[in-house]
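Below is one structure, written out as structure tokens; the observations come after it.
The values are calculated or read from the model by the stated rules, or taken from the named source; none is laboratory data. Computed from a predicted model, the values in this text were never measured in an experiment. Backbone-built Cβ (ideal geometry, glycine too); neighbour counts: all protein chains shown. All accessible areas refer to the heavy atoms of the entire protein, side chains included, with ligands and DNA or RNA removed. Shrake-Rupley method; radii C 1.70, N 1.55, O 1.52, S 1.80 Å.
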Amino acid sequence: MTFPRTLAATGAVLALGVLAGCGDDEPTDKPTPSAATSDVATDSGSATASATGTPSDEASAVPAYYVGTTPQGDRLYREFIQVAGADRLVATAAAITSGDPVDPDYRTLWPKGRFASVTRTADAIEVGLSGDAWLTPGSLQPAQAKLAVQQLVYSLQGVIGERLPVRVTYDGQPATTLLGVPVGDGLTAAPELDVLALVNITEPAEGSVVSGTFTASGRASSFEATVPWELQDSSGKVVLENSAMADGWTDKLYPWTAEVDASELPPGSYTFVARTDDPSGGEGGGPTEDTKRITIK
């Protein structure tokens, strides 16, 4: 199975310190490395650095959140990216502002540019602005600006595995706004059910190559924890379908896993689809979906 490209942030390396692991709010359903991708770290998703702040040269997968369309409007989808030879926080911030997700169904709301700095302190994640353009929403509508801020908060918190507040500085002083959104004492993550897509596929990743029986996994908040999935061929015909059970569904997104037996299917291009269960029959706008284009060899 293949995984997303490796990113390396440019500019000065910023110190982080060694972190202990994920907090309870950041799930650890990271891509499982195969023999071909054994350089992908399988830790909890925390950033890694030496005591002097020098980042590890070993590639590791970190979460980045992007925007996708759902029946509830624009929501955030998580995509794992690989970073190596660079500070994980810097690389992740650069990834979401560059607007270059692997999955073509995702996008970013962030205007082009880069942060002057991204660092972790004892009690916060601090981002420094390189100019005053990001203090205001610019062309973003208020709802878009709020979601863009959550895109940053969820991504940076996911990297370190802790729900620390995100503080913003400009010209060495605390900023009062980011994209027009009040910063206060620090930006915090909104409730998952308010900003995240209600289903998300972690594996298979976009562009994966699989064979035989493969494991599909992700997170969802779906009616009675049921997560229907299907495999479509290149014409859109459903060739396999079933459902998985998530660990819960009422208050946040929960992990789900499914074993997909594709051993009888001919090699070629396919699309794996996971969605929320929809007992209303579409009256509520229909199910939320996530899709991943894969190759069966």
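Step by step: first the residues of the stretch 270-297, then only those that are modelled with pLDDT of 95 or more, outside any strand (DSSP E or B) and among the charged types (D, E, K, R), then the one that is most open to solvent (accessible area, probe 1.4 Å). Which residue is that? Here the answer is Lys297.
Looking across the stretch 210-235 at every residue that is of a type outside the set (A, V, I, L, M, F, W, C), farther than 26 Å from Pro267 by Cα and not in a strand (DSSP E or B), the one that is most open to solvent (accessible area, probe 1.4 Å) is identified as Glu224. Scanning the stretch 187-209 for residues that are touching a residue at least 40 places away in the same chain (Cβ under 8 Å) and either among the charged types (D, E, K, R) or in contact with a strand residue (DSSP E or B) (Cβ under 6 Å, 6 or more places away or on another chain) (or both) yields a total of 13. Of the residues making up the stretch 155-173, not a single one is open to solvent by 20 Å² or more (accessible area, probe 1.4 Å), in contact with a Lys or Arg (Cβ under 8 Å, 6 or more places away or on another chain) and free of Cβ contacts under 8 Å to residues at least 24 places away in the same chain. Scan the stretch 120-142 and tell me whether some residue there is loosely packed, with under 15 Cβ neighbours inside 10 Å, of a type outside the set (Gly, Ala, Ser) and not in a loop (DSSP other than H, G, I, E, B). Yes - at least one qualifying residue is present in the stretch 120-142. For the stretch 249-269, filtering for residues that are open to solvent by 10 Å² or more (accessible area, probe 1.4 Å), under 24 Å from Gln72 (Cβ atoms) and assigned to a loop (DSSP other than H, G, I, E, B) leaves 4.
Counting only residues that are outside any helix (DSSP H, G or I), of a type in the set (Ser, Thr, Tyr) and open to solvent by 40 Å² or more (accessible area, probe 1.4 Å), the stretch 83-116 holds 0 of them. Checking each residue in the stretch 265-280 for being touching a residue at least 40 places away in the same chain (Cβ under 8 Å) and either within 20 Å of Asp103 (Cβ to Cβ) or not charged (D, E, K, R) (or both) picks out Thr271, Phe272, Val273, Ala274, Arg275, Thr276, Pro279. The set of residues from the stretch 152-209 being hydroxyl-bearing (Ser, Thr, Tyr), closer than 17 Å to Ala64 by Cβ and assigned to a strand (DSSP E or B) comprises just one member, Thr202. Number of residues in the stretch 75-118 that are within 21 Å of Gln141 (Cα to Cα) and of a type in the set (Val, Ile, Thr) equals 3.
Asp39 meets all of the listed conditions (1) modelled with pLDDT of 90 or more; (2) within 20 Å of Gly207 (Cα to Cα); (3) open to solvent by 20 Å² or more (accessible area, probe 1.4 Å) but one, namely (1). Pairs meeting the criteria (first residue in the stretch 94-107 and under 16 Å from Ser208 (Cα atoms) and among the aliphatic types (A, V, I, L, M), second residue crowded, with 17+ Cβ neighbours inside 10 Å and modelled with pLDDT of 95 or more, beta carbons under 7 Å, at least 6 apart or on different chains) are Val102/Glu79; Val102/Glu206. The criterion of being more than 22 Å from the chain's Cα centre (by Cα) and in contact (Cβ under 8 Å) with a residue 24 or more places away in the chain does not hold for Gly218. Does the stretch 161-179 contain at least one residue that is under 27 Å from Ala258 (Cβ atoms), among the acidic types (Asp, Glu) and modelled with pLDDT of 95 or more? Checked the stretch 161-179: no residue is under 27 Å from Ala258 (Cβ atoms), among the acidic types (Asp, Glu) and modelled with pLDDT of 95 or more.
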